[in-house]
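Colleague: Quick one: the structure is below, questions incoming.
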Amino acid sequence: MIVTPLFSAFLIIIMGWFKKSLCYPLMIIALSVSTFSSFANLESVLSHGTLHYHLGNWQPPWGIEYVIDHLNAFVCVIVSGISLLIGISSKRMVEKEFPEKTVYFYCLFILQVTGLLGIVVTGDMFNLYVFLEIASLAGYTLIAIGEDGAPFASFNYMIYGTIGACFYLLGVGYLYIVTGSLNMADLSKILPSFHNSTVVLIAFAFFAVGVAVKMALFPLHVWLPDAYTYAPSSVSSLVAPLTTKVGAYVLIRVMYTVFSPSFSLQVIPAGTLLCWVAAVAVLFGCILALAQTDLKRMLTYVLIAEMGYIALGAGLGNRNGLTGALLHILNDALMMACLFLIIGAITYKGWPRKIDQLTGLHRKMPVTMAAFVISGLSVIGIPPTCGFFSKWYLVLGAIDAKQWVLAAVLLISSLLNAILFFRVIEKAYFKPVPEDSHGGQDKIMAIDEAPLSMLIPVLLLVGGILLLGILSGKIISKVIQFAIPASL
Amino acid sequence: MEVVTSIKPVLAISVSALAAVLILFTGEKRRNIRELWTLFASVIKFSIVLSMIPIVLEGKTIECTLVQLFPGVALQFRVDAFGLFFAILASALWIATSVYSIGYMRGLQAQAQTRFFFCFALALNGALGIAFASNLLTLFIFYEILTISTFPLVAHKETPEAISAGRKYLAYLLSGATLVFFSIGLTYHLTGTVDFVPGGFLQGHGSSSLLCLLFITFILGFGTKAALIPVHEWLPTAMVAPTPVSALLHAVAVVKAGVFCLLRVILYVFGPNLLSDLHFWLPLAYFVSFTILLSGMLALAQNNLKRRLAFSTINNLAIIILGGCLLSPSAITGGIFHIAAHGFMKITLFFAAGAIYVKTHKENISELDGIGRMMPVTLGAFAVGAMGIAGTPPIVGFISKWYLCLGSLEAKEILFLFVLLGSALLDIGYFAPIIYRSFFKRSQEQTGSSVSEASLFMLIPIIACAAISILLGIAPDAFVHFFKIAMLVAKSVL
């Protein structure tokens with residue numbers, strides 16, 4: 001599953017020397033294979049339980065082990081499925097935005113996916129760091145391809161990202177000093193006896209801060225808005241939904257698998273602290289998003305708020321909260337992929353990204369705008385879209401924990417999101433189109449949609465948004481409930 | 001209670017969603033076919049709803065479970081007497097409104113008619129979903145569909161005024177919905193279920209202060225949609241929408257959905273026993289009475305015809321809720337029956353106001369001098385509706401008011417009798433000047449008394465609704481057994 005994209009990344013470069021046109025199909029094949037195998041993994045995890053794979057046949061805890069349980073099988077499906085859809089849609093965007101760099105783009109794209117998948121499947125703390133760096137380095141370069149501010153934004157991101165990665169690495173080092181092990185399963189067995197050790201506490205703090213940088217949790221989000229706004233649209237639609245979600249996965253993994261829930265929630269009040277930081281992140285993201293005039297920049301702040309939701313659910317430390325967080329990883333990945341793709345489609349057709357210049361957009365791109373409305377409703381949390389269902393669990397979690405303020409924050413943020421999205425919808429649908437003195441009404445009315453290769457992924461994502469909400473009961477009873485530690 | 005499993009409720013709900021899709025794809029160029037979809041869907045919807053009446057009258061319920069959403073909560077529809085009552089009303093009036101809106105929209109050559117009919121069909125989808133929902137969560141899903149699909153209808157004119165009305169509408173209703181969302185979450189947290197049970201299911205769960213919080217958030221949340229004062233302001237503002245929208249949605253489907261949800265909460269979530277144990281019903285009744293009287297007085301001060309009607313709607317919605325929260329059999333019967341009675345009468349009034357607007361572009365009451373001579377049928381129907389709302393026999397409004405008054409006596413709260421009678425006086429106060437002006441004052445500009453009515457598309461629904469208002473007043477059980485069903489509901493919850 002990871003191996004295919006990794007090898008095909010190298011293959012793409014070699015292929016690029018001979019024939020440029022082969023790169024795209026090769027990437028699609030690689031992504032399809034990894035998507036297919038992650039579904040197969042999920043299937044076998046569901047029927048047989050956790051899968052283990054020992055790299056180079058070294059026995060853990062010495063060798064590197066890949067472990068696939070319910071939690072990461074679930075995240076894998078999200079990562080590989082969405083990157084396949086984005087991959088399909090990227091062709092036209094890439095060819096238009098930077099035609100001479102396509103080979104490198106496809107190569108980096110697939111390296112990024114490799115890194116993300118690697119982070120998810122590995123059962124080894126240090127190996128996770130390696131994949132984290134692969135994904136991050138690919139991310140920095142991908143972002144730097146973009147428009148004018150991109151190299152600077154990417155540099156900024158690199159500094160933040162590297163500091164985050166260093167913190168993570170320091171955490172790994174501290175744990176290794178105390179326990180002598182890097183294997184997650186092994187660590188989780190050893191660690192309970194060290195609960196009062198200062199070194200372990202510091203390691204946990206390093207992990208928390210490092211991961212928070214990667215998942216752009218307030219107040220360590222500063223790199224994100226610039227980086228994702230200036231990145232080319234094909235890149236931002238890949239990294240925006242996935243990188244942060246994988247960060248959230250690592251957070252949940254570290255909190256609940258490596259360290260035991262009782263440690264993260266009771267020995268130190270990390271959960272409570274995380275909740276409150278996340279609540280501030282949610283409000284902060286929504287309010288700053290209100291101040292943006294650029295649609296894409298607005299979405300980056302919405303993304304920060306959404307990461308706040310996930311962190312909040314993880315921090316609540318009860319069954320409903322964590323269910324909400326995991327479900328939101330799926331839902332938010334769908335919504336963000338869809339929204340960033342839509343922005344890609346809008347800019348592809350030469351529209352500006354300024355919100356007040358979108359008047360009449362629904363006439364020219366009716367399908368795209370309909371998709372925008374549905375995913376916007378989902379971000380607000382209007383049923384029957386999937387965003388409602390994760391919010392339902394999060395609110396229930398807050399109520400179960402008797403945290404009324406947090407429940408209120410969740411609800412207020414939906415209202416703020418409503419303002420955000422209806423502002424755009426109003427501009428696109430209800431502002432009268434200025435009459436064009438040359439072309440007349442007919443020219444304005446003519447439909448000018450994005451190419452099919454972009455529309456189909458968008459429509460699939462929208463279908464997902466509409467269906468997965470209703471089916472969330474099934475997803476939870478089959479997958480998510482097993483991904484939650486039994487002690488909760 | 002016997003349960004019949006049938007897919008009928010799903011069909012009844014989804015037929016308008018299907019129509020919405022067809023409308024969207026047919027588009028403006030083939031407008032006759034597009035309108036045909038609306039008419040077809042409304043007739044089919046009504047007949048499916050009708051076919052369920054005999055089963056419910058036998059005391060059975062119809063159930064259909066689609067998919068499990070959460071442990072203990074499914075996306076499930078259940079047709080009981082109360083839901084059926086609301087569904088009959090909404091689907092019957094949809095037929096009348098579809099015919100009317102074709103005449104109205106074409107008469108005004110309005111823009112974006114495809115969007116209009118599309119959203120209209122979706123809104124009906126929401127209304128019936130609310131009617132048939134078997135639990136709070138299913139209800140909430142359709143509640144939000146109704147809210148969202150009505151927003152484009154309010155902002156339909158695309159003028160700055162309409163857009164700001166749309167904003168106001170969303171701000172109020174989404175805030176309300178957020179409160180509802182919280183309340184549903186809290187209910188689930190307390191009981192682990194959200195299924196409606198006649199007579200309530202909250203008894204024995206939670207402390208009384210928590211229940212008090214829950215009650216307040218529920219009332220305020222659903223109360224926004226039912227336009228209770230002080231969260232009513234969106235409704236008069238939303239009158240800037242095209243008249244068919246004001247007629248069906250802001251007199252029947254949307255606001256009645258709010259009232260319906262409130263009554264569901266009062267009678268099927270909290271239940272009469274719990275409410276009288278905790279003494280919640282009396283403060284609510286006072287609160288609602290305040291709305292009744294204040295909205296009546298505010299209506300007196302309006303010059304815009306549709307705004308006056310809007311305040312009258314607020315008044316009547318509060319009367320229905322008062323019926324529900326008095327918790328006596330006659331009051332509940334009267335309140336529920338008033339949902340239908342007010343629906344038919346108010347839609348007549350709105351239809352008439354719209355016909356006047358299409359014909360003369362007049363919106364203000366001060367301009368209506370002598371209009372009765374020009375449009376005698378329309379204004380005649382208007383007079384029927386107005387008198388009915390004031391409670392004059394033999395129009396249907398009399399029957400519901402009679403039972404409501406009886407109910408307040410049964411509840412041994414004489415005060416509410418005076419509230420009801422006072423509001424009837426206010427009704428006369430704000431309707432009489434309109435009728436007086438239009439029939440007995442001479443117009444300045446117009447000398448001749450030539451009759452010039454609106455198109456038949458509009459006239460027929462007006463006459464039909466006025467006629468039904470009178471018929472139901474004489475025989476409240478005619479056609480679809482409105483009265484019998486209302487009695488059934490009252491019996492089941494007490």
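Colleague: Using beta carbons and a limit of 6 Å, which pairs, at least six apart or on different chains, have the first residue in segment B:57-69 and within 14 Å of chain A (Cβ to nearest Cβ) and among the hydroxyl-bearing types (Ser, Thr, Tyr) and the second one in a strand (DSSP E or B) and surrounded by 14 or more Cβ atoms within 10 Å (Cβ to Cβ)?
Modeller: What qualifies is B:65/B:74; B:65/B:76.
Colleague: Is it true that residue A:250 is more than 11 Å from the chain's Cα centre (by Cα), in a helix (DSSP H, G or I) and touching a residue at least 12 places away in the same chain (Cβ under 8 Å)?
Modeller: For residue A:250, the condition - more than 11 Å from the chain's Cα centre (by Cα), in a helix (DSSP H, G or I) and touching a residue at least 12 places away in the same chain (Cβ under 8 Å) - is met.
Colleague: State whether the residues of segment B:216-225 include one that is assigned to a helix (DSSP H, G or I), of a type in the set (S, T, N, Q) and either surrounded by fewer than 24 Cβ atoms within 10 Å (Cβ to Cβ) or facing chain A (nearest Cβ under 10 Å) (or both).
Modeller: yes
Colleague: Can you run down the residue pairs with Cβ atoms below 7 Å, 6 or more apart or on separate chains, where the first is in segment A:98-117 and in contact (Cβ under 8 Å) with a residue 40 or more places away in the chain and under 17 Å from residue A:130 (Cα atoms) and the partner is among the aliphatic types (A, V, I, L, M) and not in a helix (DSSP H, G or I)?
Modeller: Final answer for the pair search is A:114/A:2; A:117/A:1; A:117/A:2.
Colleague: With the requirement that a residue be within 14 Å of chain B (Cβ to nearest Cβ) and among the small types (Gly, Ala, Ser), what does segment A:345-370 give you?
Modeller: The answer is A:360, A:370.
Colleague: Please pick out the residue among B:123, B:131, B:110 that is more than 12 Å from every other protein chain (Cβ to nearest Cβ), surrounded by fewer than 22 Cβ atoms within 10 Å (Cβ to Cβ) and either within 16 Å of the chain's Cα centre (by Cα) or not in a helix (DSSP H, G or I) (or both).
Modeller: Residue meeting the stated conditions: B:110.
Colleague: So is residue B:95 modelled with pLDDT of 85 or more, more than 25 Å from residue B:246 (Cβ to Cβ) and away from chain A (no Cβ under 14 Å) or not?
Modeller: no
Colleague: Additional query: Quick check on residue A:31: is it in contact with a Gly (Cβ under 6 Å, 6 or more places away or on another chain) and surrounded by 20 or more Cβ atoms within 10 Å (Cβ to Cβ)?
Modeller: When the stated conditions are applied, residue A:31 passes them.
Colleague: A further question follows. Name, by its number, the condition in (1) of a type in the set (D, E, K, R); (2) within 27 Å of the chain's Cα centre (by Cα); (3) closer than 18 Å to residue A:255 by Cβ that does not hold for residue A:147.
Modeller: The number of the failed condition is (3).
Colleague: Please specify each residue of segment B:163-172 satisfying the condition of being within 20 Å of the chain's Cα centre (by Cα), facing chain A (nearest Cβ under 10 Å) and not small (Gly, Ala, Ser).
Modeller: The answer is B:170, and nothing else.
Colleague: Suppose we filter segment A:444-470 for residues that are assigned to a loop (DSSP other than H, G, I, E, B) and either surrounded by 16 or more Cβ atoms within 10 Å (Cβ to Cβ) or more than 13 Å from chain B (Cβ to nearest Cβ) (or both); how many remain?
Modeller: Qualifying residue count, segment A:444-470: 5.
Colleague: Here are the criteria: (1) at the interface with chain A (Cβ under 9 Å from one of its Cβ atoms); (2) surrounded by fewer than 24 Cβ atoms within 10 Å (Cβ to Cβ). Tell me which single one residue B:156 does not satisfy.
Modeller: (2)
Colleague: Looking at (1) in a helix (DSSP H, G or I); (2) among the polar types (S, T, N, Q); (3) touching a strand residue (DSSP E or B) at 6+ places or on another chain (Cβ under 9 Å), which one does residue B:65 not meet, given that it meets all the others?
Modeller: (1)
Colleague: Name the residue, out of B:267, B:210, B:262, that is at pLDDT 85 or above, in a helix (DSSP H, G or I) and surrounded by fewer than 18 Cβ atoms within 10 Å (Cβ to Cβ).
Modeller: B:210
Colleague: Let me ask something else. Evaluate the following for residue B:450: is it touching a residue at least 40 places away in the same chain (Cβ under 8 Å), surrounded by 14 or more Cβ atoms within 10 Å (Cβ to Cβ) and small (Gly, Ala, Ser)?
Modeller: For residue B:450, the condition - touching a residue at least 40 places away in the same chain (Cβ under 8 Å), surrounded by 14 or more Cβ atoms within 10 Å (Cβ to Cβ) and small (Gly, Ala, Ser) - is not met.
Colleague: Considering only segment A:267-376, give the helices (runs of 4 or more DSSP H) lying wholly within it that have at least 1 residues that are under 19 Å from the mean Cα position of the chain (by Cα) and under 30 Å from residue A:198 (Cβ atoms).
Modeller: A:270-290, A:295-316, A:319-348
Colleague: Please find, within segment A:52-101, the residue that is modelled with the lowest pLDDT out of those that are in a helix (DSSP H, G or I) and of a type in the set (Val, Ile, Thr).
Modeller: Residue satisfying both the conditions and the ranking: A:94.
Colleague: Here is a follow-up. State whether the residues of segment B:227-243 include one that is surrounded by fewer than 23 Cβ atoms within 10 Å (Cβ to Cβ), facing chain A (nearest Cβ under 10 Å) and not aliphatic (A, V, I, L, M).
Modeller: Scanning segment B:227-243, I find no residue that is surrounded by fewer than 23 Cβ atoms within 10 Å (Cβ to Cβ), facing chain A (nearest Cβ under 10 Å) and not aliphatic (A, V, I, L, M), so the answer is no.
Colleague: Here is a follow-up. For segment A:192-207, check the following and say yes or no: at least one residue is closer than 24 Å to residue A:139 by Cβ and of a type outside the set (Lys, Arg).
Modeller: Yes: one or more hits.
Colleague: Looking for whichever is at pLDDT below 90, within 24 Å of residue A:452 (Cα to Cα), out of contact with any Gly (no Cβ under 9 Å at 6 or more places or on another chain) and surrounded by 24 or more Cβ atoms within 10 Å (Cβ to Cβ) here; the options are A:350, A:344, A:360. Which one fits?
Modeller: A:344
Colleague: Does at least one position in segment B:82-90 carry a residue that is without any contact (Cβ under 8 Å) to a residue 12 or more places away in the chain and more than 14 Å from chain A (Cβ to nearest Cβ)?
Modeller: No, segment B:82-90 contains no residue that is without any contact (Cβ under 8 Å) to a residue 12 or more places away in the chain and more than 14 Å from chain A (Cβ to nearest Cβ).
Colleague: Here is a check on your reading of the model: is residue B:290 of a type in the set (Phe, Trp, Tyr) and in contact with a Ser or Thr (Cβ under 6 Å, 6 or more places away or on another chain)?
Modeller: no
Colleague: Where residues in segment A:431-443 are within 13 Å of chain B (Cβ to nearest Cβ) and within 30 Å of residue A:234 (Cα to Cα), which of them is modelled with the lowest pLDDT?
Modeller: A:433
Colleague: Give segment A:377-406 a look and list any residue that's β-branched (Val, Ile, Thr), at the interface with chain B (Cβ under 10 Å from one of its Cβ atoms) and in a helix (DSSP H, G or I), or say none.
Modeller: A:380, A:395, A:399
The values are calculated or read from the model by the stated rules, or taken from the named source; none is laboratory data. Source: prediction; values computed, not measured. All Cβ positions, glycine included, derive from the backbone under ideal geometry; neighbour counts span all protein chains shown.
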